[in-house]
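Asks: If you scroll down you'll find the structure; I have some questions about it.
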Amino acid sequence: MIRRLTIPEGLTTAQVLALIGATDALEGALPTPPPGEGELLPETYNYAYGDPRAGMVQRLRHAMTATLAEIWDQRAPNLPLANAREALILASLIEKETAIDSERPRVAAVYLNRLKRGMRLQADPTAAYAATEGEHPLGRELTRSDLERAHAYNTYVNTGLPPGPIDNPGRASLIAATHPADTDALYFVADGSGGHVFASTLEEHNRNVARWRQLQRESAGSKK
């Protein structure tokens with residue numbers, strides 16, 4: 001009997017290993033030491049009763065290695081990325097920023113445009129990762145102290161990409177990282193409906209942020 005295990009996009013490696021460890025039909029121990037962030041490809045995998053857990057983890061690693069190599073080889077020209085690992089790191093940020101497929105290339109473009117200009121990425125997911133050391137979801141809103149935290153992964157205080165991935169991104173985010181949208185946007189903020197609104201100037205972005213904060217106030221008021 002063929003069984004299926006689905007690994008959702010954007011999980012940390014600890015979360016992926018927890019899913020594999022909790023799959024009763026698999027047997028044996030998980031690998032030690034565990035893989036690092038970004039080494040496991042989220043996908044649906046077929047397996048049989050009694051297959052080893054360590055073997056399943058190895059399949060996820062091989063799948064990520066092969067998929068990343070394939071996508072990097074087909075990348076758009078003139079990306080400000082030095083190698084496939086930098087594309088993987090960028091994809092891990094995209095994965096945390098949006099679950100909307102049509103937005104992924106636009107988010108990628110914003111971050112790549114900022115890299116080209118030497119601007120800090122100011123990616124909220126990196127500040128959240130820094131606040132928890134990637135050990136668990138933040139579970140609350142980011143604070144000013146989170147944004148100002150001195151940490152290698154916090155792109156609010158450091159220029160450039162973080163030193164490593166912050167999760168395990170899926171194929172769509174990997175493709176977006178290597179095929180960004182053709183846009184000069186440098187900013188984006190939530191639009192109140194699950195997506196984002198993008199801007200090319202700080203003035204425009206500030207107006208978008210003001211609208212978002214107004215939506216938040218109205219939502220909070222309606223819940224009282």
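Asks: Sorted by accessible area (1.4 Å probe), largest first, how do LYS96, LYS116 line up? It would help to have the intermediate numbers written out before the result.
Replies: On the way: LYS96 95, LYS116 130 Å².
Per-residue accessible area, sorted high to low, gives LYS116, LYS96.
Asks: With a 1.4 Å probe and every protein chain kept in, tell me what percent of the accessible surface of the chain is carbon plus sulfur.
Replies: Whole-percent figure for carbon plus sulfur exposure: 49.
Asks: Placing +1 on the Cβ of each Lys and Arg and -1 on the Cβ of each Asp and Glu in the stretch 93-140, which of THR132, ALA99, LEU121 has its Cα farthest towards the positive end of the resulting dipole?
Replies: LEU121
Asks: What ³J(HN,Hα) values, in whole Hz, does the Karplus curve 6.51 cos²θ - 1.76 cosθ + 1.60 give for the stretch 151-157 when θ = phi - 60°, with x put for Gly and Pro?
Replies: 3J(HN,Hα) across the stretch 151-157, in whole Hz: 7, 4, 8, 7, 7, 7, 10.
Asks: Another question, then. Keeping every protein chain present and rolling a 1.4 Å probe, give me the accessible area per residue for the chain in Å². Present the calculation step by step, with values, prior to reporting the outcome.
Replies: Working: 11700 Å² over 224 residues.
Value for the chain: 52 Å² per residue.
Asks: Let me ask something else. Bin width 10 Å, alpha-carbon pairs only: give the P(r) of the chain as whole percents, running from 0 to the bin holding the largest distance.
Replies: With 10 Å bins starting at 0, P(r) equals 8, 30, 33, 20, 8, 1.
Asks: A follow-up question, please. Give the ranking of TRP212, TRP72 by solvent-accessible surface, highest area first, calculated with a 1.4 Å probe. Can you show the working numbers first?
Replies: Details: TRP212 70, TRP72 35 Å².
Of TRP212, TRP72, the descending order of accessible area is TRP212, TRP72.
Asks: Probe 1.4 Å, all protein chains in place: accessible area of GLU27 in Å², nearest 10?
Replies: 90
Asks: Hey, got the Cα dimensions of the stretch 147-210 along the principal axes, in Å, largest first?
Replies: Sorted largest first, the three principal extents are 32, 31, 23 Å.
Asks: Sticking with this structure for a sec: What residues qualify as long-range amide H neighbours of GLU43, i.e. H under 5 Å apart, gap of 5 or more or another chain, H built at 1.01 Å from N?
Replies: Under 5 Å from the amide H of GLU43: ILE7.
Asks: Another question, if that's okay. Of VAL157, VAL16, VAL189, which has the most accessible area and how do the rest follow, probe 1.4 Å?
Replies: Listed by decreasing accessible area, they come as VAL157, VAL189, VAL16.
Asks: Does the stretch 62-192 classify as rounded, prolate or oblate by the C-alpha gyration tensor (a ≥ b ≥ c root eigenvalues; a/c under 1.5 gives rounded; else a/b over b/c gives prolate, otherwise oblate)? Intermediate results must be reported in sequence, preceding the final value.
Replies: Numbers: a/c = 1.60, a/b = 1.38, b/c = 1.16.
In terms of gyration-tensor shape, prolate.
Asks: Moving on. For ASP191, which sequence-distant residues (separation of 5 or more, or a different chain) have an amide H within less than 5 Å of its own amide H, given hydrogens modelled in the peptide plane?
Replies: HIS196, VAL197
Asks: Would you kindly find the accessible area of ASP184, with a 1.4 Å probe and non-protein molecules such as ligands, DNA and RNA excluded, rounding to the nearest 10 Å²?
Replies: Result for ASP184: roughly 100 Å² accessible.
Asks: Enumerate the calculated ³J(HN,Hα) couplings along the stretch 54-69 in order (Karplus 6.51 cos²θ - 1.76 cosθ + 1.60, θ = phi - 60°), each rounded to whole Hz, writing x wherever the residue is Gly or Pro.
Replies: Result, rounded to whole Hz: 4, x, 5, 4, 5, 4, 5, 5, 4, 5, 5, 4, 5, 5, 4, 4.
Asks: Same structure again: Would you kindly find the accessible area of THR32, with a 1.4 Å probe and non-protein molecules such as ligands, DNA and RNA excluded, rounding to the nearest 10 Å²?
Replies: THR32 exposes around 130 Å² with every protein chain in place.
Asks: List, in order, the whole-Hz ³J(HN,Hα) value for each residue of the stretch 2-13 obtained from phi through the Karplus relation with A = 6.51, B = -1.76, C = 1.60 and θ = phi - 60°; use x for Gly and Pro.
Replies: 7, 10, 10, 10, 9, 9, x, 5, x, 6, 6, 4
The values are calculated or read from the model by the stated rules, or taken from the named source; none is laboratory data. Note that this is a predicted model, so its numbers are computed, not measured. Cβ: placed from backbone, ideal geometry, glycine included. Neighbour counts: every protein chain shown. Just so you know, the surface numbers come from the protein's heavy atoms only, side chains and all, with ligands and any DNA or RNA stripped out. Shrake-Rupley method; radii C 1.70, N 1.55, O 1.52, S 1.80 Å.
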